[in-house]
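Scroll down for the structure; my scribbles are underneath it.
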Amino acid sequence: MPLSRLNQEQFAAATAPFGHNLVIASAGTGKTSTIVARIAHLLQKGVRAEEILLLTFTNKAASEMIERVARYFDNETVKKIESGTFHAISYKLLKRIGKNISLKQPRELKILLKAIHAKRRFSHIDSPVKPYQASYLYDLFSLYQNSEVHLSFSEWLKNNESEHSVYFDIYEDILEEFQSEKRAFSYVDFNDLLIFLRNELKGDTGLFFKEILIDEYQDTNTLQGSLIKAFKCDSVFCVGDYDQSIYAFNGANIKIIGTFKERYADANIFTLDKNYRSSQMILSLANRVIEKNPRLYPKELKVTREGTFDDPKLLIYSELFEQYQGVAAKIQASKTPPHDIAVIFRNNSSADGIEASLRELGIKCKRKGSSSFFDSMEVKAMLDLMSLFINPKDMMAFIHIFEYAKGVGAAFSKELFDALLEIGDGDIKEAFFKPKDVENPFKKKVKNTQLGLFDDIHDNIGSVGRFYHLGFDESFLSNPILKNSRINEETAKFIHHFYKFLKESRTIKLPLSLCEHAMNSRVFEEITNLLAKKRGTLKDGNIDEKLVGEAKERIMRKAWLLKDLSKNYRDIPSFLNALTLGSSEMSEGEGINLLSIHASKGLEFKEVYVVDLMDGRFPNRKLMSMGGSLEEERRLFYVAATRAKDRLFLSYAKYDRIKKTEYVMSQFLNEAGFSS
């Protein structure tokens, strides 16, 4: 059983009595083994599997822990354990208690907010401060939700962004309409999942857990903390390390782990102090740096690995790109398998230089933590087309698709959607195949100067006769949507392509078939052409046809990859939900691992390179000035360094020839014991 394999400290933690238990588990000290053993201990003590809840920060981490538990207990028992991320668990439990919700990615909801924001004008306000753009307003509101449970958004803004006070009423009105639209279509984002479940738990939901286990407790934010507190349970078992708290930008509140003992009178604090991952030299280097941070709980790590290992090495280069090329050359000469090598970066621009240098040498690499496969425009478009197939009321997917139509932006896309709902009795499929005969489905709206709302209030009625020569069939030409004078020929063609996509997909059942239908549709062809043309346009405005062709090949490659992913699913809703909840954990390709520090969390590699250790870049002074801190930057360095098992290389460059900037070495290198 798992308990027999634990050291003394791990065993004491895993067998702790019910109550409030906190395990300080530093890098490489076997926290996963301890959590697995704790679950096994609970099951052995007679706790029913369905009374155990495991909350993690990645679905992969949850799956790995449950798989390890399954080695000792039968599958029927283990599969009853509720496990997953805060968001995945919240989604599942909300569905269980009968809540009708449609989960949307932030990128999708930003399009909705952009459409609402576009109806506002701020020019009537005399202020030297420019108002927030829609995307930033969304991110700011998300940060507010993650870090505040008592103040209103305006009150929170007043404490953090007071110079925007002249716009507070407009921001509130925009967000009120945004929330109203989300409610109308049952849309929820990741924050909403937690907020909705927390609110439901105030009543009698029938949800009860004997114990809740929380992994990476140091990264919980105020919203997640309030959800944990709302659950009805007998015991909590929290595992984390304050030295690895690196998510302040997402509202992570280090005070949650730091005040555990003060908040719970019966708190038991356990410390895992034996490191099984890194060599003595690597761990000593990391400790010399992190010890400069305030100590929230006492701890002193002990190294268990024996053998001869290389000292961590400092690589110094004269110029920035010389650094990237030098690191790539060292990797080329390394005998370590590619999958066990990681290049870890603080800034995305660092990854660009490393990736280019590796590929120049013909070295394969995969990148995670910056640009995601699922964030590419073509993949988003494919997923949106499929979303509209299963949910014709999906306003966000519709707006995103129709922004590609010539002359149609986010605001007019939303008007088109609202008009289709009007003539389809709330269903855009009905609007295309059985439309109501409405004279003008585009509703008039009221102008509100005070709140910056300026809607177009003209009738905009036109004749559909202007489209007769385009060869549309009669049933489509009779659609009232075409009466709007703002719909030109190109827009009408795009609408017709979408109509044909819906019409020809009505009998599709499998995700694979739907992927094939979407990628072969005229709608996706139009989107592909537009994206490829944009990517093939040179700075002087000329179009390079070779670049256009290459862009089309890359787009279709991603479409094929998405199709390959769909083969693992038997029904379309499960496929789309899996991608929505887990896309951030999926990476593309093979070879050397290029990882942001945040993406490297929880991973380990034999050979690690931490690049661009120059003052200003790491620590990142710009982010520090925007609300970060030196302590958090130091924790980031600690996380990066402790990913290494056998060999650690730290590098920096003295000069950037493009920006004509001179650099000095990071203070973290000085703290680690290196001199320039």
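The values are calculated or read from the model by the stated rules, or taken from the named source; none is laboratory data. Note that this is a predicted model, so its numbers are computed, not measured. Cβ sites come from the backbone with ideal geometry, for glycine too, and all protein chains shown count toward neighbours. Each accessible area value is taken on the protein alone, full model and side chains, heavy atoms only, with ligands, DNA and RNA left out. Shrake-Rupley method; radii C 1.70, N 1.55, O 1.52, S 1.80 Å.
Specify whether the C-alpha gyration tensor of the stretch 530-676 places it in the rounded, prolate or oblate class, a ≥ b ≥ c being the square roots of the eigenvalues: rounded for a/c under 1.5, otherwise prolate if a/b is larger than b/c and oblate if not.
Note, shape of the stretch 530-676 comes out oblate.
List the pairs from 313/601; 99/552; 182/500; 99/158; 114/546 whose alpha-carbon separation is above 32 Å, in the order I gave them.
Beyond 32 Å between Cα atoms: 99/552; 99/158; 114/546.
To make sure I understand the rule: partners must be aspartates and glutamates, Cα under 18 Å from the Cα of residue 539, and not fewer than 8 residues away in the same chain. Which ones qualify?
Within the straight-line cut-off, residue 539 pairs with 550.
Kindly rank 11-18, 349-356 from highest to lowest mean number of other beta carbons found within 10 Å of each residue.
The packing order, highest mean first, is 349-356, 11-18.
Would the stretch 203-251 count as rounded, prolate or oblate if I go by the C-alpha gyration tensor, calling it rounded below 1.5 in a/c and otherwise prolate when a/b exceeds b/c, oblate otherwise?
Oblate, because a/c is 1.5 or more while a/b does not exceed b/c.
Which residues' amide hydrogens lie under 5 Å from the amide hydrogen of residue 628, considering only partners 5 or more residues apart or on another chain, with H built in the peptide plane?
Here the answer is none, since no amide H 5 or more places off falls under 5 Å of that of residue 628.
For the chain, compute Rh as the Kirkwood radius over C-alpha pairs and then the Stokes-Einstein diffusion coefficient at 10 °C and 1.306 mPa s; write the answer in µm²/s, rounded to an integer.
57 µm²/s
Solvent-accessible area per residue for the stretch 625-676 at a 1.4 Å probe radius, Å²?
Solvent-accessible surface per residue comes out at 44 Å².
Please enumerate, by chain and number, the aspartates and glutamates with C-alpha under 16 Å from the C-alpha of residue 606, excluding those fewer than 8 residues away in the same chain.
Straight-distance partners of residue 606: 306, 310, 311, 340, 646.
Of the heavy-atom accessible surface of the chain (probe 1.4 angstrom), what whole percent is carbon and sulfur?
C and S fraction of accessible area: 49 percent.
Starting with the highest mean, order 528-534, 244-250 by the number of other Cβ atoms within 10 Å, averaged over the residues of each peptide.
Most protected by this proxy first, the peptides run 244-250, 528-534.
Rounded to whole Å, give me the distance from the Cα center of the stretch 216-277 to that of the stretch 522-572.
Taking the Cα centre of the stretch 522-572 as reference, the centre of the stretch 216-277 is 44 Å away.
Just to confirm, what accessible area per residue do you get for the stretch 176-279 at 1.4 Å probe, in whole Å²?
38 Å²
Can you give me the accessible area per residue for the stretch 1-130, using a 1.4 Å probe, in Å²?
44 Å²
Based on DSSP, what percent of beta bridges with both residues in the chain are antiparallel, to the nearest 5?
That works out to approximately 15 percent antiparallel.
Can you list the lysines whose alpha carbon sits under 24 Å from that of residue 45, skipping same-chain ones fewer than 8 residues off?
31, 79, 80, 210, 232
Relative to the longest principal axis of the chain, what angle (0 to 90°, nearest 10) does the C-alpha long axis of helix 572-582 take?
Helix 572-582 and the main axis of the chain meet at about 50 degrees.
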